[in-house]
Amino acid sequence: MNLNSLIIKNFSRNLKNYGLYIFALVFSVSLFFSLLTLTLDDKASKEISQSTMMTSLFSVGAFVIVIIIIFFVMYANLIFIKRRHRELALFQLIGMNKSKVFRILLVENFFIYFGSLICGIILGFFISRLLLMILMNIIGVDLLVEMNFSITAALVTAGIFILIFIFLLIQNKYFLHRHQLIDLLKLNKVSEASQKPIGLATGLFGVLGIIMVAVGYFLSTKMFEWAMENPILLPVLMIGILVLTIVGSYLLFKCGIALILNIFRKRKAGHVNVNDVLSTTSIMFKMRSNAFLLTVITVITAISITAMSLSYINYYSTEKMLESTEPYDYTVENKEDLDYYETLLKDHGYDIEKYEKTFMSSHVEMDMESPLPEQEISYPIVSDEEFEGYDLKNNEVYVTGTLAILDFFTNMEEGTAVTFVNDDSYEKTLEITKVYTEGILPSRLTFGMPVLIVDDQIYQELKENEAYEKEHDMPTELFAFNIVDGDNDEILELMDKEENPSFTSKQKSYDEMIQMSGMLMFILGYLGFAFLLTSGCILYFKQIDECENEKGSYRVLRKLGFTNNEILRGLIYKMIISFGIPLIIGLLHSLFAVKSGWFIFGIEMWKPTLIVMLVYTILYSIFSLMSLLYYKRTVNNSL
């Protein structure tokens, strides 16, 4: 039998064992190709006003996907080649040199890799069409998705994966060069007895890891509170929290989990059952050897959930943000423009409700801590008679249009004392009695600052003592209108012409914001899903590798009289611990990270955060069930 015949026969015999590897390759190709196809879709770009941002986001996303794929495919290849260690050793025992063994791997990988590349591109094409429909629905763009295949995307994908294929060949060559024949025969035979016992140092590092993670969580809850007093602390705290959390997680997996499980085992005073042998004892040692991998998976989980949660919150807080920044359908520059659009719209059968208001600006001092110098804060002031629905007493102040991000600088709460001042020692102190997130003036007229409403008598008094510096060129007039029967795209299209006066539109602002936040949510969700599948597959591959190494143990347990159900019960505990601990730690990391980011949106948005965590947990659990099914099949076939 010549070498080519051996390659073909060996490939056919092992084809069923290539399932996981082929899945990893097809999944990786389709993941990258589908995202790249979206990036290069010209028709979608023309329909989206934020097309430049879409291209930039998708390009960054494609780059991140490539990094994920390189790590994932090379890890899957390493596990796969390790599973074939006896076969590779046998080739050398029958007289083959390492060059011929490498040639076998090269030819096999060529057919598997490029077959998977073709299948992945085909699958990625259909996935890209589905993803485009989802994206268009998220950002509210009406677009007929056509079945257009991108040759450019296919060529770029092929080029990237040819490069990855070269990396895999280098990895295989290095593996063969590094392991001698005796090493291949002994590979994967590291026993628990070879592990160092859990001593005092392990216990101390385990406790240190727990303390570091706890301190990181505590600092995340105080980060913005302390940064308000000293803004320079913000980057220091962020880096410190990151280091404490990552290093603490590593020590937790390396020593902490083993310490906790060892305490649990010692409490049984040697009276362990099959469940303890298959779960607690096994994991206690294997988690230590996999500490770095589990730390990476935990950090990836935390980053994914945090990014998806915050982008989800950002998307669904768009309307709330608009209520604060754009209270009117349209805002124009002056009265002439207002009259122009009133005539234009009336000629086309649309009635409008006009708003012409005046306001002023005043320096304000507040009885609270703020990192901004008090003398630099000016707020727009309006009279309660200018706006309907407000009737204040002469010692009251209402605050409207509070953007959540401003809470980082000025925490306007009910009961806060407000003092209006000028350069002539004039002071007037009032009290905030109500705070509204909804705005009454567009943010472009207020420079993003909240608007203070006061009694008309107080307003006139402040007007007489106005200390506003005219060189700041702060607007003092509002010209706006609402469409009586509601705004629509036809009205916006009618007004949005070059010959018409400039204006700002609430509907147009909403479309732009929803597209930006929608694309951000989509790409972060896509990357989060890629991280989820990658980390889940890695754990799944790891469990399969362990299962293959433990076949002999299951055979011994079956011969000793243990039933399949008794063994599976212990394996269920093992899956819960193996998959559950990284997931729980990752969820805790992300929870504290998301809570730190809530200040941007002004409220504690538990619902979207919990929804993301729940969906992530359900999808993540699928890999645990798949691993358990593989263990079950192995146990059933052990005799």
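Accessible surface calculations at 1.4 Å, restricted to protein heavy atoms, place segment 408-457 at 45 Å² per residue. Label zone of residue 23 (point 7 Å out along Cα→Cβ, amide N under 13 Å): in segment 124-141 this covers no residue at all.
Taking packing as the residue-averaged number of other Cβ atoms within 10 angstrom, the listed peptides 121-132, 83-94, 448-459 run from highest to lowest as 448-459, 121-132, 83-94.
Taking a sphere under 12 Å around the Cβ of residue 346 and counting the other residues whose Cβ falls inside, with K and R at +1 and D and E at -1, yields a net charge of -3. Among the lysines of segment 513-608, pairs at least eight places apart or on separate chains and with Cα atoms under 25 Å apart come to 6. The GluC sites (Glu not before Pro) found in segment 535-639 that occupy coil by DSSP, while having at most 16 further C-beta atoms within 10 Å, are 604.
Between their Cα atoms, which of 320/428; 346/508; 98/254; 335/506; 354/508; 320/434 are more than 24 Å away from each other? Intermediate results must be reported in sequence, preceding the final value.
Working: 320/428 32 Å; 346/508 21 Å; 98/254 36 Å; 335/506 19 Å; 354/508 19 Å; 320/434 18 Å.
In this structure, 320/428; 98/254 exceed 24 Å between Cα atoms.
Modelled spin labels at residue 497 and residue 118, positioned 7 Å past Cα toward Cβ, are 5.6 nm from each other. Between residue 358 and residue 200, the simple label model (points 7 Å from Cα in the Cβ direction) yields a spacing of 8.3 nm.
Using the Cα gyration tensor of segment 490-639, with a ≥ b ≥ c the square roots of its eigenvalues, what is the shape: rounded (a/c below 1.5), prolate (a/b larger than b/c) or oblate (neither)? Prolate shape, in that a/c is at least 1.5 and a/b is the bigger ratio.
The values are calculated or read from the model by the stated rules, or taken from the named source; none is laboratory data. This one's a predicted model, so the numbers in the text were calculated from it and none came from an experiment. We place every Cβ from the backbone using ideal geometry, glycine too, and count neighbours over all the protein chains shown. Side chains are part of the model used for accessible areas, which takes the heavy atoms of the whole protein and leaves out ligands, DNA and RNA. Shrake-Rupley method; radii C 1.70, N 1.55, O 1.52, S 1.80 Å.
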